[in-house]
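Trainee: Please see the structure below; I have some questions.
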Amino acid sequence: MDPARDPIRLFAPETREVLAVRKETADTATVTLAGGGRGFVPGQFAMVYAFGVGESAISFSGDPYRADIVEHTVRRVGAVTGAIGALRPGDHIGWRGPFGTGWPLQRARGGDLVIVGGGIGLAPLRPAILAVMADRGAYRRVAILVGARRPGELLYQEQLAEWRARFDLDVEVTVDAAANNWRGSVGVVTRLIPHLDVEPTRTTAMVCGPEVMMRFSAMELQRLGVPSRNLFVSVERNMKCAIALCGHCQLGSLFACHEGAVVPYDRVAGLMEVREA
Amino acid sequence: MDRRLLTPEGVRSLLAMLREDGFRIVAPSLVGGTVSLAEISDLDELAVGLALEVAPGRTRVVPSPAMFGSIGGPESLKRWQHPSQRVIWHGERGKNGFTGSAVVEESAGPVAFFGLRACDLAGARVLAKAIRRPLGEQDLVISVRCTSSAPTCFCTTMGTGPDVPEAAADLILTEVLEPKPRFVATAASERGAALLGRAASKPASAADAAAADALVAKVAADMPVAFAPEAARAALGTPSGIGWEDIGARCMACGNCTAVCPTCFCTTVVDRTDPAATVADRIMRWDSCYTPWFSEMHGGSVRSSISARYRQWVSHKMSWWWEQFGTAGCVGCGRCIVWCPVGIDIRKEVEAAIERSTAHV
């Protein structure tokens, strides 16, 4: 075995200081880490390491043009994300990245753009939205559809309100269920798709959320007339290495960490229709 | 290349020379009640005159007229090429966060692998693609061509044996028993030729060489072709939700097949800390797609049923591997059949999948 060719070196995290932790919802927080994102593109992810606990694949959720910090929005669902969620400013965390593919922003230029985020799925889309807004003239209509299970689970609420106030974005927000004091839209996010005011054949769609939501979003978008080749989703799988080495994230022949997470929907449509693929 | 004749003692002397040259020797040895590749510290540990009688879910050590007759032992080159457990990172917590660095293995010295079959070498080639880590250049490979096969063998189906391509080894031996035990040796590299040149040997006659080749050819001719690999690739390309209930009831998801498979490469990384969590080692170890945690995400496993896990494993081996690495992930060694506690035969499962896919068209 030749140590010089050992890919194990790629597993070493760098240490980063936590600058801020902003609570988003009851179980979700956005952490700001010192140091830039090493030129990440929206849709990519980093491996975030809690010392002595483990690593988790976490999407970039912040501004891709900031060279001094990175942001990750983390939902506490297990040991590692629990440890990340418990961080305080001044703490340190391990970090390596960026990994994976990004949203097809270049490809989408000159056409209409539909962004659909469900739940925490809005996090990996946020850098794309920020990149689009920094270069708003390059796109025609831009629609952002946001869904969450309940009003309290909506991420980036202040920013959503800002985006909704703009005349150059169509932002719709809906929740699956709500108490009586919610005056907004109720229903799954896919139900907003038929009402989109876009030119379907010139539309690129970027969808991220639970697998079933992405599948039905793709169906609705195609029904609207968006060609399937213009649909992009971000697939989520258990990721341990992020460099197509550990085998965990495989979906068919796809290493989700390497050939994804963002993939053309056509690449995974068949697999998404099969239970437990 | 020139072919030479070695006596059984001559073969032992090759190994003795390699030891003197500083090689660690990995060869078939009687360990854990079976004959398996193992690192030996003494030539007496060689499993000489022993074979494995194997069947689905069953092995037994039996005497063998051949010096090196065993096929189907649990260990492949994977044990040395892709260690089952290794520390890859060490970190220490300090006042300001923590520091750490990658732990890159020191080589424990070159290894001479002895007694490797064609399927072992194919397995190492296929595994190297997945882990991006070939055998060390200093390692030496002495292959023994198969002059018998086990009922679990299907290398001819997968196109990996029983003949050994010269590019795969430094020295290739073929054991000929009649009229008296001897080895026909082919040096397949300069290092192999140099080694062979140091042993007492004489030129092999055309008749000796032909006898050796005929034995290998007979193994190939007698081995049934289990299925067409291209049909398997097509049948398992898109996961089908139907037809996997039966295997889900038989398979225990123990992961033995993935452990003994020479190409199964999946790993996980776990943290090991002291009680105060002031130091942490990150340990990479073999994982298996049969474990429930393999595909675990928030909300549970993607593949919670055993049926789905078996489908994942066999589809990856026979189909998706082609797209990923340009080859099948199976080399037809049959270890997964031998070491399955309930004797699940991948050949039959693949055949059934091919039948189902054609029946549904």
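Trainee: Is there a residue in the range B:63-78 that is without any contact (Cβ under 8 Å) to a residue 40 or more places away in the chain, part of a loop (DSSP other than H, G, I, E, B) and not hydroxyl-bearing (S, T, Y)?
Mentor: no
Trainee: Does A:R96 satisfy being within 14 Å of chain B (Cβ to nearest Cβ), at pLDDT 95 or above and not in a loop (DSSP other than H, G, I, E, B)?
Mentor: In short, yes.
Condition check ((1) free of Cβ contacts under 8 Å to residues at least 24 places away in the same chain; (2) assigned by TED's automatic domain parsing to the domain that holds B:I344; (3) of a type in the set (D, E)) across all residues:
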position	(1), (2), (3)
B:T278	no, no, no
B:M284	no, no, no
B:F294	no, yes, no
B:M297	yes, yes, no
B:R303	yes, yes, no
B:I306	no, yes, no
B:R309	no, yes, no
B:S315	no, yes, no
B:F325	no, yes, no
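Trainee: Determine which single condition B:K129 fails, assuming it passes every other condition in (1) within 14 Å of chain A (Cβ to nearest Cβ); (2) out of contact with any Pro (no Cβ under 6 Å at 6 or more places or on another chain); (3) over 25 Å from B:A231 (Cα atoms); (4) not aliphatic (A, V, I, L, M).
Mentor: Unmet for B:K129, out of (1) within 14 Å of chain A (Cβ to nearest Cβ); (2) out of contact with any Pro (no Cβ under 6 Å at 6 or more places or on another chain); (3) over 25 Å from B:A231 (Cα atoms); (4) not aliphatic (A, V, I, L, M): (3).
Trainee: Also, I was wondering about something else. Taking the criterion of being more than 7 Å from chain A (Cβ to nearest Cβ), among the β-branched types (V, I, T) and under 26 Å from B:V48 (Cα atoms), would at least one residue in the range B:104-125 satisfy it?
Mentor: yes
Trainee: Restricted to the range A:1-51, and to residues that are small (G, A, S) and within 14 Å of chain B (Cβ to nearest Cβ), which residue is farthest from A:G121 (Cα to Cα)?
Mentor: Across the range A:1-51, the extreme among qualifying residues is A:A4.
Trainee: Any residue at all in the range A:201-213 that's acidic (D, E), surrounded by fewer than 21 Cβ atoms within 10 Å (Cβ to Cβ), touching a residue at least 60 places away in the same chain (Cβ under 8 Å) and in contact with a strand residue (DSSP E or B) (Cβ under 6 Å, 6 or more places away or on another chain)?
Mentor: We begin by selecting, within the range A:201-213, every residue acidic (D, E); these are A:211.
With the extra rule that they be surrounded by fewer than 21 Cβ atoms within 10 Å (Cβ to Cβ), the set shrinks to A:211.
If we keep only those that are touching a residue at least 60 places away in the same chain (Cβ under 8 Å) as well, we get A:211.
Filter once more, so that each one left must be in contact with a strand residue (DSSP E or B) (Cβ under 6 Å, 6 or more places away or on another chain): none.
No, there is no match, as no residue in the range A:201-213 is acidic (D, E), surrounded by fewer than 21 Cβ atoms within 10 Å (Cβ to Cβ), touching a residue at least 60 places away in the same chain (Cβ under 8 Å) and in contact with a strand residue (DSSP E or B) (Cβ under 6 Å, 6 or more places away or on another chain).
Trainee: Let me ask something additional. Only one residue in B:G109, B:G100, B:G91, B:G115 is in contact with a His (Cβ under 7 Å, 6 or more places away or on another chain) and either in contact (Cβ under 8 Å) with a residue 40 or more places away in the chain or assigned to a helix (DSSP H, G or I) (or both), so which one is that?
Mentor: B:G100
Trainee: With respect to A:L245, is the statement that it is within 20 Å of the chain's Cα centre (by Cα) and surrounded by 23 or more Cβ atoms within 10 Å (Cβ to Cβ) true?
Mentor: no
Trainee: Which residue, of B:T278, B:T327, B:T268, is within 30 Å of B:V104 (Cβ to Cβ), more than 8 Å from every other protein chain (Cβ to nearest Cβ) and under 25 Å from the mean Cα position of the chain (by Cα)?
Mentor: B:T327
Trainee: Conditions first: (1) within 14 Å of chain A (Cβ to nearest Cβ); (2) over 26 Å from B:H82 (Cα atoms); (3) aliphatic (A, V, I, L, M). B:A232 passes all but one, so which condition is the exception?
Mentor: Just one mismatch for B:A232, condition (1).
Trainee: Given B:G237, B:G243, B:G248, which one is in the same structural domain as B:K317 (by TED's automatic domain parsing), touching a helix residue (DSSP H, G or I) at 6+ places or on another chain (Cβ under 7 Å), small (G, A, S) and in a helix (DSSP H, G or I)?
Mentor: Exactly one of B:G237, B:G243, B:G248 is in the same structural domain as B:K317 (by TED's automatic domain parsing), touching a helix residue (DSSP H, G or I) at 6+ places or on another chain (Cβ under 7 Å), small (G, A, S) and in a helix (DSSP H, G or I), namely B:G248.
Trainee: Could you grab the pairs with beta carbons closer than 7 Å, sequence gap of 6+ or different chains, first residue in the range A:149-162 and within 13 Å of A:T174 (Cα to Cα), second one of a type in the set (A, V, I, L, M) and loosely packed, with under 14 Cβ neighbours inside 10 Å?
Mentor: Between residues of the range A:149-162 that are within 13 Å of A:T174 (Cα to Cα) and residues that are of a type in the set (A, V, I, L, M) and loosely packed, with under 14 Cβ neighbours inside 10 Å, the close pairs are A:R149/A:A177; A:R150/A:A177; A:G152/A:A26.
Trainee: Oh, and also: If a residue must be under 21 Å from B:E75 (Cα atoms) and among the basic types (K, R), how many such residues does the range B:249-306 contain?
Mentor: 1
Trainee: Among the listed residues B:C333, B:C261, B:C289, identify the single one that is among the hydrophobic types (A, V, I, L, M, F, W, C) and over 19 Å from B:C155 (Cα atoms).
Mentor: B:C289
Trainee: Would you be able to tell me the number of residues in the range B:260-271 that are in contact (Cβ under 8 Å) with a residue 40 or more places away in the chain and of a type outside the set (S, T, N, Q)?
Mentor: The total comes to 6.
Trainee: Let me ask something else. Can you tell me which residue within the range B:251-265, out of those that are of a type in the set (V, I, T) and outside any loop (DSSP other than H, G, I, E, B), is farthest from the other protein chains (Cβ to nearest Cβ)?
Mentor: In this case the residue turns out to be B:V260.
Trainee: Of all residues in the range A:33-73, count the ones that are surrounded by 18 or more Cβ atoms within 10 Å (Cβ to Cβ) and either assigned to a strand (DSSP E or B) or outside the structural domain of A:H92 (by TED's automatic domain parsing) (or both). Give the steps one after another, and end with the answer.
Mentor: From the range A:33-73, those surrounded by 18 or more Cβ atoms within 10 Å (Cβ to Cβ) are A:33, A:37, A:40-64, A:70-73; that's our starting set.
When the remaining residues are screened for being either assigned to a strand (DSSP E or B) or outside the structural domain of A:H92 (by TED's automatic domain parsing) (or both), the result is A:33, A:45-50, A:54-59, A:70-73.
So the answer is 17.
Trainee: Within the group B:R250, B:R311, which residue is surrounded by fewer than 17 Cβ atoms within 10 Å (Cβ to Cβ) and basic (K, R)?
Mentor: B:R250
Trainee: Right, another one. Can you work out which of the residues in the range B:290-318 that are facing another protein chain (nearest Cβ under 7 Å) and assigned to a loop (DSSP other than H, G, I, E, B) is nearest to A:N238 (Cα to Cα)?
Mentor: B:S295
Trainee: While we're on this one: Return yes or no: is B:T152 more than 8 Å from chain A (Cβ to nearest Cβ) and of a type in the set (S, T, Y)?
Mentor: yes
Trainee: Still on this model: Picking from A:G54, A:G119, A:G90, A:G82, which residue would you name as being within 12 Å of chain B (Cβ to nearest Cβ), touching a Leu at 6+ places or on another chain (Cβ under 9 Å), over 26 Å from A:W163 (Cβ atoms) and modelled with pLDDT of 95 or more?
Mentor: A:G90
Trainee: Those residues that are touching a strand residue (DSSP E or B) at 6+ places or on another chain (Cβ under 6 Å) and not hydroxyl-bearing (S, T, Y), I need them from the range B:50-66; list them, please. Even if it seems obvious, please write down each step before you answer.
Mentor: Of all residues in the range B:50-66, those touching a strand residue (DSSP E or B) at 6+ places or on another chain (Cβ under 6 Å) come to B:50-53, B:59-62, B:64, B:66.
The answer is B:L50, B:A51, B:L52, B:E53, B:R60, B:V61, B:V62, B:A66.
Trainee: Among the numbered criteria (1) under 18 Å from A:V80 (Cβ atoms); (2) more than 11 Å from chain A (Cβ to nearest Cβ); (3) not β-branched (V, I, T), which one does B:M284 miss?
Mentor: In the conditions (1) under 18 Å from A:V80 (Cβ atoms); (2) more than 11 Å from chain A (Cβ to nearest Cβ); (3) not β-branched (V, I, T), B:M284 misses (2) alone.
The values are calculated or read from the model by the stated rules, or taken from the named source; none is laboratory data. A quick note: this is a predicted structure, and the numbers were derived from the prediction, not measured. Because the Cβ atoms are built from the backbone with ideal geometry, glycine has one as well, and the counts that use them run over all protein chains shown.
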